[in-house]
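J.: Input: one structure, supplied below.
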Amino acid sequence: MGIVIKHSSWNLVITGFGFLLGAINVLALATTYLDADYYGLMNYILSTAFLLFPLMSFGLHNTIVKYYSSYKTDRERDNFLTQMLFWPIVGAIPIFILVFVFYDDIRLLISTTNQLTGDFLWPILLIAVFQAYFEIFYAWTKVYLKTIGGNFLKEVFYRAAATITLLLVAFDFITQVQFIYSLILIYFLRMLLMAIMAWRTYAPKLIFYKLEASREILWYSVLMVIAGSVGTALIDLDKNMLNQYVDLADISYYGVAGFIATVVAIPARGMAQIMHPLTAGYFNAGDLQKVEWLYKRSSLNLTIVAGLLMVLIICNVHEFYKFLPAEFAVAIPVVLLICVVKFTENLLGNNNAILYNTNLYKFTLWLGLGLAIVAFLLNIWLIPSYGLIGAAMATCVAYVLYAFAKAYYVNIKLQMHPWTSKTSIAVLVILVTIAIFYTWDFQWNYIVNIFFKSTLIFLVYAASVYLLKLSSEVNAAIDQFISKIKRPQ
């Protein structure tokens, strides 16, 4: 676990810092200096762009990670990377042509409830393209097990850039409309910096000739388009569909709730950057024992760390919302439901890495497609009746079903699952801690209350995990921290 711990630790710090910047943007800047409609518009544009990005990337960020290590010579690898740069154009050009031809019809469709969204169709497409190429260049560095720089660009750069542009709005240097268009520049610069980083990691000679197993690679990429679309749909479909039923202001409330809950995903996102190339390497070497070991260790450690974050959020959620205007509190139940979604993502460990690097992904793609349709139908049913909470319920039900179905399928085919008895104990510790502290509040200022309550939760949770010896990695980290405190100066 050495390289996993090293990269995951750095990525966790980077991702955490990114979310700290995001919290400043959401809690202090966006909700203060952007109208609710424009903050909702930003959420709609980004969620729709993320829905399109798997199609724009042609699934190649997964293809690179899976197949790069199977090529042994520099010439083969140069040819492979060269073609990976140009294949996305095959998918992007027809989409742009279709949008150009049917622009008025599409604009009318997406602006049925909110007129403002129809004016920003091209920014959605451009951000989707820039996001696609960013992920391709990021995958380029991942195969060399260099994930930290890319993760910084992914988690910190665009949030820092958003902080700057929000401050420009605050001081009236730019308008809210200009802020929306600045998102295009931010995502372009992030893609450009990632391209430079990838090229410095390895600069291939641009050569073209027929790839070995090209039909297999093409089919895998097509399936990865479906996989990426399904995974993104289960996460971002709710915000996209809300645009058809509720005002942009309500989407902004939903977006804030989603951001708060997404903090629970920090551990999984931090570890995933190194898990995918490592898992691919183990499969290419035929070492299933290491795959299973990594599967269980990643699930246990992610469950413990993500569980702490979920406990802190759920037990402090009412205090967190005191930082925001009162109308945002309508989305507190959304926070709780999306927390479950993000925790489930951690509970599965490197399940996605296993699926994407074996032939098992074929079945789960169609399973995921079916559950995406279920999510779509649930949104149609629940949003008109329950509004924001209905969208969160649809997402929660569809994603949790999808997650556990994937774990069940891997267990059937590979006779391995991510959980041990210690995982069950960790989940029990999480539930008991929530039950104890959810209604326990100090009668002080809400900021002081958050600080003392969070400190107490952390101490109780950390002590429980340590004394129960749930994870050797977590215990080692705690021991190292204690030894540093005791070390004489």
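J.: Using +1 at the Cβ of each Lys and Arg and -1 at the Cβ of each Asp and Glu in the chain, identify which of MET191, LEU126, SER464 lies farthest towards the dipole's positive end.
T.: SER464
J.: Restrict the search to the range 101-166; then list the chymotrypsin sites (Phe, Trp or Tyr not before Pro) that DSSP places in a loop and that have at most 15 other Cβ atoms within 10 Å of their Cβ.
T.: PHE102, TYR144
J.: Taking the square root of 5 times each eigenvalue of the Cα gyration tensor, what semi-axes in Å does the equivalent ellipsoid of the range 373-489 have, largest first?
T.: Largest first, the range 373-489 gives 36, 26, 11 Å.
J.: Rounded to two decimals, what is Rg over Rh for the range 127-239 when you use alpha-carbon atoms and the Kirkwood radius?
T.: We get a ratio of 1.06 for the range 127-239.
J.: Enter the per residue convex hull volume of the range 17-159, computed from alpha-carbon coordinates, in Å³ rounded to the nearest integer.
T.: Given the Cα convex hull of the range 17-159, per-residue volume reads 102 Å³.
J.: If you don't mind, another one. Can you list the residues, at least 5 places off or on another chain, whose amide H is less than 5 Å from the amide H of ILE207, using H built in the peptide plane?
T.: THR82
J.: Let me ask something additional. Please identify the chymotrypsin sites (Phe, Trp or Tyr not before Pro) of the range 406-452 that satisfy two criteria: DSSP loop assignment and at most 15 other Cβ atoms within 10 Å. Which are they?
T.: TYR438, TRP440, PHE442, TRP444
J.: Where does the Debye-calculated log10 I(q)/I(0) of the range 248-363 sit at q = 0.09, 0.21 Å⁻¹, using only Cα point scatterers of equal weight, no solvent?
T.: At q = 0.09, 0.21 Å⁻¹ the computed log10 ratios are -0.32, -1.02.
J.: Sticking with this structure for a sec: Work out the length of the dipole vector of the range 231-383 about its Cα centre, built from +1 on the beta-carbon of each Lys and Arg and -1 on the beta-carbon of each Asp and Glu, and round it to the nearest 20 debye.
T.: 460
J.: So what's the gap between the Cα centers of the range 47-100 and the range 198-258, to the nearest angstrom?
T.: Centre-to-centre distance over Cα atoms comes out at 11 Å.
J.: Within the accessible area of the chain, what % is carbon and sulfur when the probe is 1.4 Å and the other protein chains stay in place?
T.: C and S fraction of accessible area: 69 percent.
J.: So what are the ³J(HN,Hα) numbers for the range 393-405, from phi and the Karplus equation (6.51, -1.76, 1.60; θ = phi - 60°), rounded to whole Hz, Gly and Pro as x?
T.: 3J(HN,Hα) across the range 393-405, in whole Hz: 4, 4, 5, 4, 4, 5, 5, 5, 4, 4, 4, 6, 5.
J.: Per the Kirkwood treatment, what hydrodynamic radius in Å, one decimal, follows for the chain from the mean inverse distance over all distinct Cα pairs?
T.: 23.5
J.: Expressed as a whole percent, how much of the Cα-Cα distance distribution for the range 203-289 exceeds 14 Å?
T.: Here the tail beyond 14 Å accounts for 81 percent of pairs.
J.: Next up: So what are the ³J(HN,Hα) numbers for the range 372-387, from phi and the Karplus equation (6.51, -1.76, 1.60; θ = phi - 60°), rounded to whole Hz, Gly and Pro as x?
T.: In residue order, the calculated couplings are 5, 5, 4, 4, 4, 5, 5, 5, 4, 7, 8, 4, x, 8, 10, x Hz.
J.: So what is the 222 nm mean residue ellipticity for the chain from helices alone, if each DSSP H run of at least 4 adds -39500 (n - 2.57) and you divide by all residues, rounding to the nearest 500 deg cm²/dmol?
T.: When only DSSP H runs of four or more count, the value is -27000 deg cm²/dmol.
J.: Follow-up. Give the lysines whose C-alpha is closer than 16 Å to that of LYS453, dropping any in the same chain fewer than 8 places away, or say none.
T.: LYS322
J.: How would GLU216, GLU473 line up by accessible area, probe 1.4 Å, largest first?
T.: From most exposed to least exposed: GLU216, GLU473.
J.: Can you tell me the FRET efficiency between ALA462 and VAL177 if r is taken as the Cβ-Cβ distance and R0 is 51 Å, rounded to the nearest 0.05?
T.: Here the calculated transfer efficiency is 0.60.
J.: Can you pull the three principal axis extents for the Cα set of the range 405-464, in Å, largest first?
T.: 54, 22, 15
J.: With θ set to phi - 60° and the Karplus curve 6.51 cos²θ - 1.76 cosθ + 1.60, what are the ³J(HN,Hα) couplings of the range 448-464 in order, to the nearest whole Hz, using x for Gly and Pro?
T.: So the Karplus estimates, Gly and Pro as x, are 5, 4, 4, 4, 6, 5, 5, 4, 5, 4, 4, 5, 5, 5, 4, 5, 4 Hz.
J.: Over the chain, what relative contact order in percent results from Cα pairs under 8 Å that are six or more residues apart?
T.: Computed value for the chain: 21 percent relative contact order.
J.: Just to verify a number: FRET efficiency for PHE100 and ASP479, C-beta to C-beta distance, R0 = 51 Å, to 0.05?
T.: Efficiency, from the Cβ-Cβ distance: 0.25.
J.: Counting other Cβ atoms within 10 Å, which trypsin sites (Lys or Arg not before Pro) in the range 394-489 have at most 14 and lie in a DSSP loop?
T.: LYS469
J.: Ok, one more. Enumerate the lysines that LYS142 could reach by cross-link, defined here as Cα to Cα under 29 Å, with residues fewer than 8 away along the same chain left out.
T.: Hits, sequence-local ones excluded: LYS6, LYS66, LYS72, LYS154, LYS205, LYS210, LYS290, LYS296, LYS342, LYS362, LYS406, LYS413.
The values are calculated or read from the model by the stated rules, or taken from the named source; none is laboratory data. Small disclaimer: the values here were computed from a predicted structure and weren't measured. Positions of Cβ are generated from backbone atoms using ideal geometry, with glycine treated the same way; all protein chains shown enter the neighbour counts. What goes into the accessible areas is simple: the full protein's heavy atoms, side chains included, and nothing from ligands, DNA or RNA. Shrake-Rupley method; radii C 1.70, N 1.55, O 1.52, S 1.80 Å.
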